Each structure stands twice: as C-alpha cells, then as structure tokens.
Amino acid sequence: MWFLHTPLHDTHREAREARMGLFTDLRDSISRAVDRMFSDSEPKRIGIYGPPNAGKTTLANRIARDWTGDAVGPESHIPHETRRARRKENVEIERNGKTVNIDIVDTPGVTTKVDYKEFLEHDMEKDDAVRRSREATEGVAEAMHWLREDVDGVIYVLDSTEDPFTQVNTMLIGIIESQDLPVLIFANKTDLDDSNVQRIANAFPQHETVPLSALEGNNMDEVYGKIAEYFG
Amino acid sequence: MPEVTPGETGNGVQIDLISGARMEGLTSMEKIRLILDGVRDGNIVVLEEGLSPDEESKLIEVTMTEISPDEFNGIEIETYPQTGGGNKGFLGRLMGKESNKKLTVIGPANQIETLHKDENLISALVSRK
Ligand SMILES: Nc1nc2c(ncn2[C@@H]2O[C@H](COP(=O)(O)OP(=O)(O)O)[C@@H](O)[C@H]2O)c(=O)[nH]1
Ligand SMILES: [Mg+2]
C-alpha cells in the first residue's frame, strides 16, 4: 500500500505501522520456512528432456511401470509421438531404505523446427500431418516454458548411437545449467551395437552420464540409484 | 542496420549482421522479434554476441508458436563457440566460459543447411527462397 509511505504527522502511528510491517514480514518469512519444510515431502517434479526419438517415453513408461504399475504414454518410431507433456505423479522410488517421491514429466523432443511434411512420410494424410505438427509445436513451446518455470530437476536422454554434439543438445544443456537445476544425462540404447556412451560422457564432462537401455531394462539399478541421489 | 526492403534483394539472400551494441539496449522479447522478423523474411541473421540461455529458451518457445504449415517451419541456429560442451576451441578459451558472447547464426530451417562445423569453422549452405 503505497500511501503508507507518504509522510505522516502522527509519529506514533508511524512507529506502530513500522512495527506491524515488521511483524507481517516476520510472519511471512516463517510461513515460507514452514512451506519449505513441508515441501521436502512434496514430490520433486523431474522433467525428461532430450531430442526426438531418444527414448524419453520408453524411459518414462519403464519408471512408471516399475514403481506404479502403469504407463505414461505411447512410444513410437514416428518422431513427435509425444506431442504434449505427460505427467505421472507421485512415483515413489525406494533406494537403500529411503523413499524418493517424484512427478515424472515426459516431454516432446525439443527442436527448433517442425515440418508437417515429415509426417507425410509415415503414411499420413495432410490434414492429420498438419494437426500433428501443430500439436508438436505447442508441446515443445510448453516444454520450454516448463523448463524455465516448473521443473525441479532434469533427466536429459540421448540416443547413444547418435552424435551428441548437436546445437539443440548444447543449447538445452546450457539452458538447464543456467537455471541451476540438477541434471543427469542418460545415454540410452546401450543394447545397440553402435552405442557409444563415452562419446556422450566426453561431450558433457561437467555432468554425470548414466548408460542404460530403457527398452531392455538394462542398468536400471544404477538409474534408480542416481535418481534417488540427485533428486531425492 | 541498413534497411533493405525484401523485394529489392531480388533472388539473392539478405544477411543481417547485428552488432553486440545494437542488441545491448533491447529487451529479450525485442531481440527475439528482431531475429524472427528477419528470419521470417528469409534473411540469415548473424549476431555478434549471441543470446543468453534464457533468451535462447524463449526464442525456441516463440519460434514454436509461429510455425505454420507451408509458410514457416522454424529456424536453424548455430553458435560459436559452443557453450556447455567440453571441447572448447581456441575462441572458447579466448572468450572464457562464462561469457555468452558467442557468434550466432540463425536462418530459416527450410533454407539453411549446416554442411560442416568444428571449433573454428561453420560452413553452411544457404538456398534462395
Ligand atoms: N534399441 C533400443 N531402442 C529403444 C530404446 N529406448 C527406446 N527405443 C526405441 O526408440 C524409439 C523412440 O522411443 P520413444 O520412447 O518414443 O522416444 P521419445 O521420442 O524420446 O519419447 C522407439 O521405437 C523405441 O522402441 C533402447 O533402449 N534401445
Ligand atoms: Mg516421446
């Protein structure tokens, strides 16, 4: 209330108001501290980011199935199958007698371009392809927004058979770093012959790289251990 | 920036080289508008000093909301030196890691194709509209 700051002649009133202001500040800061204490038991919102087709949905489904019994959404070799961010809430992961509670958010692959003609190659009518690409662009915009506002940690999934040194990957990792979010890099598809985990570790030496096959379920013990360690 | 109406460029490709000084006084949204207006006119936009990570994130978000079939299908963006990566080239060492002064090339996705990129050189093929 700006008018309280205009000069008042009643100095007692002024002092009283200043005191009240102090109490209000104190009360606010106590309630913030209490909120924070309770928010420790609130689930952490973990965003699964990465380029299209890296295996984000496969991973999100595996985590959800392993700990809650049901899935997040459809996996597909067609890029942009996940067009809207999907959430699985209250996934409780148990590690070493400790339980971590996370909300997992599966996002569409981040990209700087979407051409509906790419969908036409997957036997789709133009209308359908245009609708899909519109949903995809909305989903990516939403995922970028979430990354700035609404996630507490990031799992960045990469297909380890592909070159990690793309502009989108470096840009996204830079964005995540600038938000000071905890991040784990998952080198997925280690079941494939041309998988190269070291190439990913070399590309992002400042972060921990965890190898896995989300499809085959390989190395999931380490995956859950790291999730508990980083986001617990 | 010298103003050239798109019509006057004929079938050439217009390149906008935008200095750090020009960008300095602008808000994030003004920078993004400047870039996207250029790119949507079919120009290649080169930023002397690049964008902050937050601005890059907003650029992706706004680009997504502007994509429309048969008209605009997004951007291609390359930066120099790459931040976040481990193999920083001599430009990276020269400029220091914390700096976001990275040369940034942005163009329409359907007109620009990166042919080669290493820590000292970006080679891109730009096709006419
Ligand atoms: N070989 C192999 N394929 C995988 C693995 N994870 C995902 N995939 C396949 O990669 C494709 C894309 O997976 P999806 O989870 O939809 O990727 P997203 O676009 O990142 O969500 C699908 O065909 C998956 O079956 C993996 O660990 N190994
Ligand atoms: Mg997906």
Q) In segment A:198-228, what residues are within 16 Å of ligand 1 (Cβ to nearest atom), surrounded by 19 or more Cβ atoms within 10 Å (Cβ to Cβ) and not in a loop (DSSP other than H, G, I, E, B)? A) A:Ile200, A:Thr209, A:Val210, A:Pro211, A:Ser213, A:Val223
Q.
Just checking, does segment B:50-60 include any residue being modelled with pLDDT under 80 and assigned to a loop (DSSP other than H, G, I, E, B)?
A. no
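Select, from A:Arg131, A:Arg84, the only residue that is more than 14 Å from ligand 2 (Cβ to nearest atom), surrounded by fewer than 20 Cβ atoms within 10 Å (Cβ to Cβ) and assigned by TED's automatic domain parsing to the domain that holds A:Val157. So that I can check it myself, show each step before the final result.
Numbers: A:Arg84 fails: more than 14 Å from ligand 2 (Cβ to nearest atom).
Checking each option against the conditions leaves just A:Arg131.
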Q: Spot the failing condition for A:Phe186; the list is (1) within 16 Å of ligand 2 (Cβ to nearest atom); (2) farther than 25 Å from A:Val91 by Cβ; (3) among the aromatic types (Phe, Trp, Tyr), and only one is missed.
A: (2)
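With respect to B:Lys102, determine if the residue is of a type outside the set (Val, Ile, Thr), at pLDDT below 90 and within 14 Å of the chain's Cα centre (by Cα).
Working: of a type outside the set (Val, Ile, Thr): yes; at pLDDT below 90: yes; within 14 Å of the chain's Cα centre (by Cα): yes.
Answer is yes for this residue.
Can you tell me which of A:Asp66, A:Asp152, A:Asp159, A:Asp103 is in the same structural domain as A:Ser195 (by TED's automatic domain parsing), more than 12 Å from the chain's Cα centre (by Cα) and either more than 14 Å from ligand 1 (Cβ to nearest atom) or without any contact (Cβ under 8 Å) to a residue 12 or more places away in the chain (or both)?
Values: A:Asp152 fails: more than 12 Å from the chain's Cα centre (by Cα); A:Asp159 fails: either more than 14 Å from ligand 1 (Cβ to nearest atom) or without any contact (Cβ under 8 Å) to a residue 12 or more places away in the chain (or both); A:Asp103 fails: more than 12 Å from the chain's Cα centre (by Cα).
Only one candidate passes the filter, namely A:Asp66.
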Q.
Suppose we filter segment A:160-189 for residues that are among the polar types (S, T, N, Q), surrounded by fewer than 20 Cβ atoms within 10 Å (Cβ to Cβ) and in a loop (DSSP other than H, G, I, E, B); how many remain?
A. 3
Q. Restricting to segment A:93-120, what's the tally of residues that are surrounded by fewer than 19 Cβ atoms within 10 Å (Cβ to Cβ) and in contact with a helix residue (DSSP H, G or I) (Cβ under 6 Å, 6 or more places away or on another chain)?
A. 2
Q. Is it the case that segment A:69-76 has a residue that's more than 14 Å from chain B (Cβ to nearest Cβ), on the phi < 0 side of the Ramachandran plot and away from ligand 1 (no atom under 12 Å from the Cβ)?
A. yes
Q) Counting only residues that are near ligand 1 (Cβ under 7 Å from one of its atoms) and crowded, with 24+ Cβ neighbours inside 10 Å, which one in segment A:43-54 is farthest from A:Ile173 (Cα to Cα)? A) A:Ala54
Q: Give segment A:208-227 a look and list any residue that's of a type outside the set (D, E, K, R) and within 10 Å of A:Phe186 (Cα to Cα), or say none.
A: A:Thr209, A:Val210, A:Pro211, A:Leu212, A:Ser213, A:Ala214, A:Val223
**Q.** Residues that are more than 9 Å from ligand 2 (Cβ to nearest atom) and either within 14 Å of chain B (Cβ to nearest Cβ) or β-branched (Val, Ile, Thr) (or both), drawn from segment A:51-68
**A.** A:Pro51, A:Ile63, A:Thr68
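Output the helices (runs of 4 or more DSSP H) that fall wholly within segment A:43-159 and possess 3 or more residues being small (Gly, Ala, Ser), or say none. Working first, answer last.
Values: elements: A:56-68, A:117-120, A:126-149.
Qualifying helices (runs of 4 or more DSSP H): A:126-149.
The values are calculated or read from the model by the stated rules, or taken from the named source; none is laboratory data. Only a predicted model underlies this, so the values are computations on that prediction, with no experimental measurement involved. Positions of Cβ are generated from backbone atoms using ideal geometry, with glycine treated the same way; all protein chains shown enter the neighbour counts.
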